[in-house]
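The values are calculated or read from the model by the stated rules, or taken from the named source; none is laboratory data. Bear in mind that the values here come from a model prediction, so they are computed numbers and not experimental data. Virtual Cβ from ideal backbone geometry, glycine too; neighbours counted across all protein chains shown.
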Amino acid sequence: RENSVWTQDRVIKSPFKDVEIPNLTLYDYVWQNLDRWPERTASVCAETGRGYTYEQAFKLSNRFAANLRTKFKICDGDSVAVMLPNIPDYPLVALGILAAGGVITSINPNYTAHEVQRQLKMSEAKAIVTLPETVPVIRESLNIAKINIPIIAVKRNDNPVPEGIALFNELSEDIHTDNSVLKQVRRQTNDICFLPYSSGTTGLPKGVELSHRNIIANCEQINDPIVAMHNETTSTHQDSVMGVLPFFHIYAATVLMFHKFSIGAKLVALPKFQPETFLKTIEKHKTNILMVAPPLILLMGSHSAATEKTFEHVKSVCNGAAPLAASDVERFLQTAKHEIDFRQGYGLTETSPTVTIGPKGSKQHATTGPPVGSTELRIVDINLKNLGPNETGEILVRGPQVMRGYRDNPQANKEAFTEDGWFRTGDLAVADENGIITIADRLKELIKVKGFQVPPAELESLLREHPSVNDAAVIGVPHQSKGEAPKAFVVLKDGHKCTERQLSEFVNSKVATYKHVDDITFVDSIPKSAAGKILRRVLKDQYC
Ligand code: 4UV
């Protein structure tokens, strides 16, 4: 099969079988095999052991769904925001929203009120599900946005719940719920079901419209026997999967939550990341499958508490979301000592997310493998002309997992797709004779800190809001443990004085910690093109 992946027109075809995409909603897809593992643990909290069986998860999320429709008037196509850490209830909340006919818009639980309000407004969320502890942030965000939507909290301990907040627990456990309202839900497989936010190649975060079919396609693509990391759930086996990547991000949402629920695995949710707890959880829950990003690979190979015993049950490890140093993988594999099937996946929020993944047993750790089933790639030069094997260019993608588009943003969609419908990733890569991809660089302005998106435009617009700032530009610079960190260049207004620290504090109070700007250089001017675009490459070459 190999060597036939390049067509005469220099399009790279997948070496894997085309996928069949069932004509279902994601909700029906995830539950379709429920009767094979009703008593198995679906999700469990790594900290408290609180969790649900598949049967319970199904029942509770359905009741929650019915109450979303009756008590909260959620209708087909309405967005419902989820701002939760990785708790075992997350998949129930998410699947409940889908069962109610809603669309999940996932929000980073560490966001500030300033960041939350923007997404609530843009997604037109009709309700938000969160923790009692986060209610004050949400109330502040609703105040800033001047909107009022109901807040539903997931109670997971004895912490007090603020007044006037409905509880997920009561809504999902109420046995008097009339589930027959769910018969009114009309959702088709091409309808939107998930609306995460991504800045794409340029600008501020935009709503990424993913359909039921997009995500189901991606689940089927990673089910290919040559690609799959899991083993079938049977009467004698259930994979234990580490839920450390944040569920709000597409990598974990599809690959950990929806996919792992569809195959009946046990999802171990880690609500608060701490290196020791993470490593102990792997050992205690006998993790078989680990989905991680580069900082975790680094940690697993270098932390003093990471030993052979920690990884005793680990069979497969997938890395993605940011570039990985081959030496970090080697160190991890040496620590684990036994044979581990390590692979990289590559993808984006806009592609549900998986575009390429290494096949089973691949030892090419620096590559991200060939395109998954039913997926075609092109590597192109700046004129969108197709390049051939071993030539570096931008990756374009076509496949059933590619988003419908950015919500209400025709301009961004025009830039994101070529005229003949290929999605532009903004990543630079090279493909070998067998269509195996190595990511070379990022062409787009996006910065990734620990694998999280940090859109420079967001930080630039905050910097420009400061009364002493005339102009600003932000670029990503290499960082040893985070991969990249933002660095700002600021032009002050004539006659104004302001310290780096004052500016940092001004910006950092409005954004989540991983977006913090702690490196600011004052300059006389920002290099720009004739059209006014910031010449980031010039800044990089000049200062880094
Ligand atoms: O939109 P996003 O935040 O999405 C992601 C998705 C990560 C995935 C997807 C499928 C997998 O199987 C998997 O293991 C991980 O992070 O950011 C998209 C950008 O992240 C960079 C690249 O610049 C994308 O445009 N990126 C994603 N995966 C890799 C990567 C990788 N393996 N190596 C280098 N950069």
Worksheet item: Can you name every residue in the stretch 530-544 that is at pLDDT below 95 and assigned to a loop (DSSP other than H, G, I, E, B)?
Response: A530, A531, G532, K533, C544
Discussion item. Among the residues of the stretch 310-336, what is the count of those that are out of contact with any helix residue (DSSP H, G or I) (no Cβ under 9 Å at 6 or more places or on another chain) and within 11 Å of the ligand (Cβ to nearest atom)?
Written reply: 0
Practice prompt. Among the residues of the stretch 118-140, write down those that are part of a helix (DSSP H, G or I) and over 20 Å from H249 (Cβ atoms).
Written response: K121, P132, E133, V135, P136, R139, E140
Discussion item. Please go through the stretch 10-55 and give me each residue that is closer than 29 Å to K286 by Cα, touching a helix residue (DSSP H, G or I) at 6+ places or on another chain (Cβ under 6 Å), assigned to a loop (DSSP other than H, G, I, E, B) and in contact (Cβ under 8 Å) with a residue 24 or more places away in the chain, ordered by number.
Written reply: W37, R40, A46
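Here is a yes/no grid of residues against (1) among the acidic types (D, E); (2) within 14 Å of the ligand (Cβ to nearest atom); (3) within 23 Å of the chain's Cα centre (by Cα); (4) buried (at least 16 other Cβ atoms within 10 Å of the Cβ):
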site: R442; (1), (2), (3), (4): no, yes, yes, yes
site: I447; (1), (2), (3), (4): no, yes, yes, yes
site: H466; (1), (2), (3), (4): no, no, no, yes
site: G483; (1), (2), (3), (4): no, yes, yes, yes
site: P486; (1), (2), (3), (4): no, no, yes, yes
site: G495; (1), (2), (3), (4): no, no, no, no
site: S525; (1), (2), (3), (4): no, no, no, no
Worksheet, complete the sentence: Within the stretch 361-393, restricting to residues that are out of contact with any helix residue (DSSP H, G or I) (no Cβ under 6 Å at 6 or more places or on another chain) and closer than 22 Å to L298 by Cα, the one that is nearest to the ligand (Cβ to nearest atom) is T368
Worksheet item: Quick one: would you say V268 is more than 14 Å from the ligand (Cβ to nearest atom), among the β-branched types (V, I, T) and either touching a Ser or Thr at 6+ places or on another chain (Cβ under 7 Å) or touching a residue at least 24 places away in the same chain (Cβ under 8 Å) (or both)?
Response: yes
Practice prompt. Look through the stretch 451-464, keep the residues that are surrounded by fewer than 19 Cβ atoms within 10 Å (Cβ to Cβ) and farther than 14 Å from L492 by Cβ, and return whichever of them is nearest to the ligand (Cβ to nearest atom).
Written response: A457
Worksheet item: For the stretch 342-356, how many residues meet the condition of being closer than 9 Å to C318 by Cα, in contact (Cβ under 8 Å) with a residue 40 or more places away in the chain and within 6 Å of the ligand (Cβ to nearest atom)?
Response: 1
Worksheet item: more than 10 Å from the ligand (Cβ to nearest atom), closer than 24 Å to E20 by Cα and among the β-branched types (V, I, T), is that true of V430?
Response: no
Fill in: Criterion (among the hydrophobic types (A, V, I, L, M, F, W, C) and in contact with a Pro (Cβ under 6 Å, 6 or more places away or on another chain)) met by exactly one of A228, A217
A217
Worksheet, complete the sentence: Here the residues within the stretch 79-117 that are crowded, with 23+ Cβ neighbours inside 10 Å, part of a helix (DSSP H, G or I) and either in contact (Cβ under 8 Å) with a residue 40 or more places away in the chain or in contact with a Phe, Trp or Tyr (Cβ under 6 Å, 6 or more places away or on another chain) (or both) are Y90, P91, L92, V93, A94, L95, G96, L98, A99
Discussion item. Quick check on A512: is it free of Cβ contacts under 8 Å to residues at least 40 places away in the same chain, within 22 Å of P109 (Cα to Cα) and of a type in the set (A, V, I, L, M)?
Written reply: no
Worksheet item: Looking at the stretch 199-234, which of its residues are within 10 Å of the ligand (Cβ to nearest atom) and either within 14 Å of T375 (Cα to Cα) or in contact with an Asp or Glu (Cβ under 6 Å, 6 or more places away or on another chain) (or both)?
Response: V208, N218, Q221, I222, V227
Worksheet item: Could you say whether any residue in the stretch 404-415 is touching a residue at least 12 places away in the same chain (Cβ under 8 Å), out of contact with any Cys (no Cβ under 6 Å at 6 or more places or on another chain), more than 30 Å from E115 (Cα to Cα) and not in a strand (DSSP E or B)?
Response: no
Discussion item. Suppose we filter the stretch 271-297 for residues that are farther than 17 Å from R343 by Cβ and within 16 Å of the ligand (Cβ to nearest atom); how many remain?
Written reply: 1
Fill in: Which numbered condition N148 fails, given (1) in a helix (DSSP H, G or I); (2) more than 24 Å from G49 (Cα to Cα)
(1)
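Within the stretch 258-269, track down each residue that is of a type outside the set (D, E, K, R) and surrounded by 23 or more Cβ atoms within 10 Å (Cβ to Cβ).
The answer is F258, H259, F261, A265, L267, V268, A269.
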Fill in: Residue list for the stretch 298-319, filter: in contact with a Phe, Trp or Tyr (Cβ under 6 Å, 6 or more places away or on another chain) and surrounded by 22 or more Cβ atoms within 10 Å (Cβ to Cβ)
M300, V317
Worksheet, complete the sentence: Looking across the stretch 417-427 at residues that are within 16 Å of V11 (Cα to Cα) and part of a strand (DSSP E or B), the single one that is nearest to the ligand (Cβ to nearest atom) is T425
Worksheet item: In the set V397, V449, V402, which member is modelled with pLDDT of 95 or more and farther than 27 Å from R213 by Cβ?
Response: V449
Worksheet item: What number goes with the only condition from (1) out of contact with any Cys (no Cβ under 6 Å at 6 or more places or on another chain); (2) within 15 Å of the ligand (Cβ to nearest atom) that H259 does not pass?
Response: (1)
Worksheet item: Which members of the stretch 470-526 meet the condition of being farther than 15 Å from C544 by Cβ and among the polar types (S, T, N, Q)?
Response: N470, S481, T499, Q502, S504, N508, S509, T513, S525
Response to the item:
The one condition T335 fails out of (1) hydroxyl-bearing (S, T, Y); (2) surrounded by fewer than 24 Cβ atoms within 10 Å (Cβ to Cβ); (3) within 16 Å of E220 (Cα to Cα) is (3)
